[in-house]
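The values are calculated or read from the model by the stated rules, or taken from the named source; none is laboratory data. The structure displayed is predicted, hence computed values, not measured ones. Here the Cβ positions follow ideal geometry from the backbone for every residue, glycine too, while neighbour counts run over all protein chains shown. Just the protein is used for accessible areas: all its heavy atoms, side chains included, with ligands, DNA and RNA removed. Shrake-Rupley method; radii C 1.70, N 1.55, O 1.52, S 1.80 Å.
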Amino acid sequence: ISYMEVFFMTKAHINGKNRLIFLLTLVIGIMVLIVASKYAFQRACSRREIHWPDLEIADEWQYKIITEAYKIKNEPNKEITITASDGVKLVGHYFERKKNAPIIIFFHGLWSDSYVCGVPIYRITEEHEWNLLLVSMRAHGESGGNISTLGVLERYDCCDWANWVASEFGEQVPIYLMGISMGGAIALMSSDLGLPKSVCGIIDDAGFTSPLEMIRVNSEDKLYHNGILISLFAQFVNTGARIFGGFNLEDANSCNAVSKTNVPILIIHGDEDTQAPLSMANRIYESCQSQKMMYIVPGAGHTSCYRTNPEKYEMIVSDFIKRHIP
């Protein structure tokens, strides 16, 4: 065997070995990506048991809210069940005060409860004899589904609820969509989906721009404010959502939705909100092309606008609804 033949045989052997190493590295990388994505997706989106706050450790304000939530849960109401576009059962509870009065459809926050979150709007609607539909979002409470899509499918669920109310009570009855935290975000995200003409307004309390941005913001402390790790975690969640959930978190964006709607919008936000920073609310407001109002609550953190100033909160919400009754 000549020197050149030995050289090429050795080179081919090395190249073959390198290809094998490359393929093994690629396979291991793909497996790590899949495992990490599944873990991140499950942490972010899988249904979990929701516990009401503990009365024994609650402060005076929390005690009042929780005890009132228990009363609301036991008030006479009509249980409503509808089916989402993907077949998931959705459950809500309807409290009627007056025939043909405005109906407010309320959406709670992520891993929360419609009764506890709904105490403020329950009080407001009771005072004004408006009707109220408290909704349990998919993967929460009595509703079906094991996965929260963080707004991607919930925005269509919101539209389904509005369509049900319009069909059940007629399009002459004004409808208002209201939500807190993720509930506020999905109400905003539904605004460009062809809502019934009877939807006269949307009220967002502490909503966010997009689920991916929300994930990034709320993982900062846990990931030591490391930008690379934060971006990787958000991408892992979305990769898991696409592989294991069949949805893309990039599809849900409040700013995009409100830029294409003509439904009047009220944004309520605390200036000390660290989970959905005020900058998110400002961007949503700036993107909105319909009639819009913003109420910034000084000193309020995430979902604490009502607690910080209940009288002003009730006045702002009530005035917005009254202003937009046809």
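Look at the dipole of the chain built from charges on Cβ: of Y63, H93, A257, the Cα furthest out on the positive end belongs to A257.
Placing unit charges on each Cβ (+1 for Lys and Arg, -1 for Asp and Glu) gives the chain a dipole about its Cα centre, and among P310, I28, I121 the Cα reaching farthest toward its positive end belongs to I28. Determine the share of the chain's accessible area contributed by carbon and sulfur atoms, expressed in whole percent, with a 1.4 angstrom probe. Percent of accessible area from carbon and sulfur atoms in the chain: 54. Phi angles of the stretch 273-290 translate, via the Karplus equation with coefficients 6.51, -1.76, 1.60 and θ = phi - 60°, into HN-Hα couplings of 6, 9, 7, 10, x, 4, 4, 5, 4, 4, 5, 4, 4, 5, 6, 5, 9, 9 Hz per residue; Gly and Pro are given as x. Probing with 1.4 Å while keeping every protein chain in the model, the per residue accessible area of the chain equals 49 Å².
Just checking the listed ones, Y224, Y313, Y285: in the Gaussian network model of the chain with Cα springs under 10 Å, the one fluctuating most is Y224.
For the stretch 146-289, the Cβ-based charge dipole about the Cα centre amounts to some 320 debye (Lys, Arg positive; Asp, Glu negative; other atoms uncharged). Here R242 sits with roughly 140 square angstrom of accessible surface, probe radius 1.4 Å. Using the Cβ-Cβ distance between V32 and I325 with R0 = 56 Å, the FRET efficiency computed as 1/(1 + (r/R0)^6) comes to roughly 0.50. Placing +1 on the Cβ of every Lys and Arg and -1 on the Cβ of every Asp and Glu, with no other charges, gives the stretch 45-98 a dipole of roughly 340 debye about its Cα centre. Net charge of the neighbourhood of E79, taken over other residues with C-beta under 12 Å away and scored Lys/Arg +1, Asp/Glu -1, is +2.
For Y295, the residues whose modelled amide H falls within less than 5 Å of its own, excluding neighbours fewer than 5 places apart on the same chain, are I267, I268, H269. GNM on the chain, alpha-carbon springs under 10 angstrom: the most fluctuating residue among F208, F95, F107 is F95. Near T149, the amide H atoms lying under 5 Å from its own belong to E154; only residues 5 or more places off or on other chains count, and H is placed 1.01 Å from N. When the Gaussian network model of the chain links Cα atoms closer than 10 Å, the mean-square fluctuations of E75, E60, E250 top out at E60. Along its three principal directions, the equivalent ellipsoid of the stretch 182-326 from the Cα gyration tensor extends over semi-axes of 28, 20, 11 Å, largest first. When +1 charges are put on Lys and Arg Cβ atoms and -1 charges on Asp and Glu Cβ atoms, the dipole computed for the chain relative to its Cα centre reaches about 1060 debye. Working note: Karplus 6.51/-1.76/1.60 with θ = phi - 60° gives the stretch 149-161 the couplings 9, 6, x, 5, 8, 4, 5, 6, 4, 4, 5, 4, 5 Hz, where Gly and Pro are set to x.
Taking amide hydrogens as placed 1.01 Å from N in the peptide plane, the amide H of V199 sits under 5 Å from those of I175, each at least 5 positions away in sequence or on another chain.
Only aspartates and glutamates eight or more places from K260 in sequence, or on another chain, were considered; those with a Cα closer than 13 Å are D192, E286.
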